[in-house]
Amino acid sequence: MKPRASRTAVALRRVSDDSMGSLRPILESRGYRTRYAPLSAERVRSIDPLEVDILVVIGHLPLRADLAQTRLPREVIDLIRARAHYGLPLLGIDFGAQLIAHALGGDIRALPRPEICVAPVRLTEAGKRSCLAPLGHTTPVVHWHGHEAALPPGFETLATTPACATQAYRHGRATLGLQFHMEADHDYLHTQLQALQTALTVAGIARDALHAQATEQLQRMRHACHAVMTRWLDDLDGQESPPPEPAEPWD
């Protein structure tokens, strides 16, 4: 294991507005030097899959994206596969979770209608025993996606919602996928809601109301993000976390 001072976390993102939000200070408090890199073939080719300590893949597809017309760079797929082969940490959020599952043998499928709301997820039995345990069944998180991951064999579903069967998954000890956003902070909300303005209008969702609802829950989400990621990072470091007591009740 590397000394804390020399550890790195790289976040691949589709566009420059995509952000790690409250996840970034959590990683930095654990000694990771963080940076962003564009989700492009040219930049991904410069990343040594064995040198980065944690690879984070973030961003989201346009809500009505035509998957047949969506280019997924081969270099990104190869980078994800190489890290998974060696059991190196992968964290995917939203499109990142979809992309990791796709790279490892799954698929990305469109939802019947986009899921845009602030609402809890439902943990599976495996989820209750995982790093997601602090979420319980009542911690609100942000959802704004029109697609989900169809998981390949060997992946374990950790959370669901009525609209999306795969809200979270894990593969082995080091790969974690999250369809939802608990890392949202004020800057993240402002930027993403601006970008989603047209899609929200088409969906008949009031941007200001969604912003107010999400802002009201930011502190709870920040605490949940810290608790969940602390457990995941402890596991990566080989540390034993306390038994997973939920921050919120299961029922």
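Residues of the range 42-61 being out of contact with any helix residue (DSSP H, G or I) (no Cβ under 7 Å at 6 or more places or on another chain) and open to solvent by 70 Å² or more (accessible area, probe 1.4 Å), which ones? Within the range 42-61, Glu42, Arg43, Ser46, Asp48, Leu50, Glu51 qualify.
Restricting attention to the range 26-58, the residues that are assigned to a strand (DSSP E or B) and either within 14 Å of the chain's Cα centre (by Cα) or of a type in the set (S, T, N, Q) (or both) total 5. Scanning the range 1-25 for residues that are surrounded by 20 or more Cβ atoms within 10 Å (Cβ to Cβ) and part of a helix (DSSP H, G or I) yields a single hit, Leu23. When residues in the range 71-99 are screened for being over 21 Å from Leu236 (Cβ atoms) and out of contact with any strand residue (DSSP E or B) (no Cβ under 8 Å at 6 or more places or on another chain), 7 of them pass. Taking the criterion of being within 14 Å of Arg14 (Cβ to Cβ) and surrounded by fewer than 19 Cβ atoms within 10 Å (Cβ to Cβ), the residues of the range 70-98 that qualify are Thr70, Arg71, Leu72, Pro73. Taking the condition at pLDDT 95 or above and farther than 26 Å from Gly87 by Cβ, does Pro62 pass? Taking the combined requirement at face value, the residue does not satisfy it. Can you tell me which residue in the range 167-200 is nearest to Ser130 (Cα to Cα), limited to those that are touching a helix residue (DSSP H, G or I) at 6+ places or on another chain (Cβ under 8 Å) and among the polar types (S, T, N, Q)? Per the criteria, the residue is Thr175.
Is it fair to say Leu39 is surrounded by 15 or more Cβ atoms within 10 Å (Cβ to Cβ) and under 30 Å from Thr201 (Cα atoms)? Steps first, answer last, please.
On the way: surrounded by 15 or more Cβ atoms within 10 Å (Cβ to Cβ): yes; under 30 Å from Thr201 (Cα atoms): yes.
It is true that Leu39 is surrounded by 15 or more Cβ atoms within 10 Å (Cβ to Cβ) and under 30 Å from Thr201 (Cα atoms).
When Ala101 is tested against (1) surrounded by fewer than 16 Cβ atoms within 10 Å (Cβ to Cβ); (2) in contact with an Asp or Glu (Cβ under 8 Å, 6 or more places away or on another chain); (3) part of a helix (DSSP H, G or I), exactly one condition is not met: (1). Counting only residues that are open to solvent by 70 Å² or more (accessible area, probe 1.4 Å) and under 15 Å from the mean Cα position of the chain (by Cα), which one in the range 217-235 is nearest to Ala119 (Cα to Cα)? My answer is Arg222. Of all residues in the range 116-131, those that are in a helix (DSSP H, G or I) and buried (at least 23 other Cβ atoms within 10 Å of the Cβ) total 1. When we screen Ala174, Ala203 for residues that are in contact with an Asp or Glu (Cβ under 9 Å, 6 or more places away or on another chain) and not polar (S, T, N, Q), the only hit is Ala174.
Evaluation of Asp107 against the conditions (1) open to solvent by less than 50 Å² (accessible area, probe 1.4 Å); (2) touching a residue at least 40 places away in the same chain (Cβ under 8 Å); (3) under 30 Å from Gly87 (Cβ atoms) shows that the sole unmet condition is (1).
The values are calculated or read from the model by the stated rules, or taken from the named source; none is laboratory data. It should be emphasised that the depicted structure is a prediction, and the values quoted were computed from it without experimental measurement. Note: ideal-geometry Cβ built from the backbone for every residue, glycine included; neighbour counts use all protein chains shown. Surface accessibility is based on the protein's heavy atoms, side chains included, excluding ligands, DNA and RNA. Shrake-Rupley method; radii C 1.70, N 1.55, O 1.52, S 1.80 Å.
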